[in-house]
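First comes the structure, then the notes that go with it.
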Amino acid sequence: MQVFTKSAEIKNTPSLKKGITGFVPTMGALHEGHLSLVGKCRNECDTVAVSIFVNPTQFNDKNDLKNYPRTLDADLALLEKAGVDLVFAPSEAEMYPEPDNRVFDLGGLDTVMEGPLRPGHFNGVAQVVTKLFSIVEPQRAYFGEKDFQQLAIIRYLVKSLDLPIEIIGCPIRRGEDGLALSSRNVLLTPEHRAAAPQIYAALCKGVEMMDKASVNEVINTVRNAIDNNPWLSTEYFEIVDTASLRSIKQWSDAPHIQGCVAVRAGEIRLIDNIRFK
Ligand code: PAF
């Protein structure tokens, strides 16, 4: 496994010029969820490239950036074991020698759910992902469905910029108790960690009710099931058209429907989602 910190070194790597390069962008603090993306990429591509970079431009909260877990040595050991060919772990100065002032049109997908609560977040994601794509030049890139809105935005971005990259969404990985795996889970207090599986339990309850309840009834039930736990507080739970990410009113409003939730567990925000149809 080759580890690079400079983009010029990546550009001169011969293995990236042969066959299909698959790319898994990450912010490190790797867990089973990331490794499932890497595993899929390994199965489907000739060369597997992974980036590890905690991107400051996508953090709208300074404390979140400061506290974000950084475990580079452990990450590299996991990636080596997973059969990764190349890791790009640049410094901030390498990625942003100049401030990145680009503002992306994200088709309005950034104005709902996470958007208003995390101003500038998705523009920062677009900045770093487009930079990483132009450095690594992959044919395929793998993203987790846990960040459902991010995945929709990256698909939109690639299409609107005509980038020759296939975006592949990978299913959420969960702990045995149902909590969606996330690098931020290690930051939960024991009480919040014990409460957190209630989020997925509430989402499942919502899906079970779907046939006999209105969209509004499901929303209220899911929110209450989360908020009845004293350690959790729902920021939003929206049932949306998978394509536009706009809230639906009736189950017949869209062919594919997803329920997306953000929950505050003490200092930590957790997001999760589930397919309704
Ligand atoms: O999903 C993430 O970990 C990040 O948003 C990404 C895509 C690596 C960009 O920094």
Matching option when the condition is within 18 Å of the chain's Cα centre (by Cα) and more than 28 Å from Thr13 (Cα to Cα), among Glu166, Glu145, Glu176: Glu145
Where Phe133 falls short, out of the listed (1) loosely packed, with under 14 Cβ neighbours inside 10 Å; (2) out of contact with any helix residue (DSSP H, G or I) (no Cβ under 7 Å at 6 or more places or on another chain): (1)
Is there a residue in the range 59-82 that is away from the ligand (no atom under 14 Å from the Cβ), under 19 Å from Tyr142 (Cβ atoms) and among the acidic types (Asp, Glu)? yes
Please indicate, with yes or no, whether at least one residue in the range 205-220 is of a type in the set (Asp, Glu), part of a loop (DSSP other than H, G, I, E, B) and either within 16 Å of the ligand (Cβ to nearest atom) or surrounded by fewer than 17 Cβ atoms within 10 Å (Cβ to Cβ) (or both). no
Exactly one of these conditions fails for Leu16: (1) at pLDDT below 95; (2) open to solvent by less than 60 Å² (accessible area, probe 1.4 Å); (3) within 21 Å of the chain's Cα centre (by Cα). Give me its number. (3)
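Using the structure shown, decide if Asn55 is open to solvent by less than 60 Å² (accessible area, probe 1.4 Å) and within 14 Å of the ligand (Cβ to nearest atom).
yes
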If we ask which residues in the range 221-277 are among the β-branched types (Val, Ile, Thr), part of a strand (DSSP E or B) and open to solvent by less than 10 Å² (accessible area, probe 1.4 Å), their number turns out to be 5
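Every residue in the range 1-13 that is within 17 Å of Thr71 (Cα to Cα) and open to solvent by 40 Å² or more (accessible area, probe 1.4 Å), please.
Scanning the range 1-13 gives Val3, Thr5.
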Kindly provide the set of residues from the range 189-204 that are open to solvent by 20 Å² or more (accessible area, probe 1.4 Å) and of a type outside the set (Ser, Thr, Tyr), ordered by number. Pro190, Glu191, His192, Arg193, Ala194, Pro197, Gln198, Ala201, Cys204
So which residues in the range 136-147 are open to solvent by 20 Å² or more (accessible area, probe 1.4 Å) and within 12 Å of the ligand (Cβ to nearest atom)? Gly144, Glu145, Lys146, Asp147
Does Thr26 qualify as being within 21 Å of Gln127 (Cα to Cα), crowded, with 18+ Cβ neighbours inside 10 Å and either polar (S, T, N, Q) or touching a residue at least 40 places away in the same chain (Cβ under 8 Å) (or both)? yes
Subset of the range 113-130 that is over 21 Å from Ser91 (Cα atoms) and surrounded by 21 or more Cβ atoms within 10 Å (Cβ to Cβ) - its residue that is nearest to the ligand (Cβ to nearest atom): Glu114
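Every residue in the range 17-28 that is more than 9 Å from the ligand (Cβ to nearest atom) and at positive phi, please.
Correct list: Gly19 only.
The values are calculated or read from the model by the stated rules, or taken from the named source; none is laboratory data. In this text the structure is predicted, and so the values were computed from the model without any measurement. Please note: Cβ atoms are built from the backbone with ideal geometry, for glycine as well, and neighbour counts cover all protein chains shown. Remember, those area values only see protein heavy atoms, side chains included, never the ligands or the DNA or RNA. Shrake-Rupley method; radii C 1.70, N 1.55, O 1.52, S 1.80 Å.
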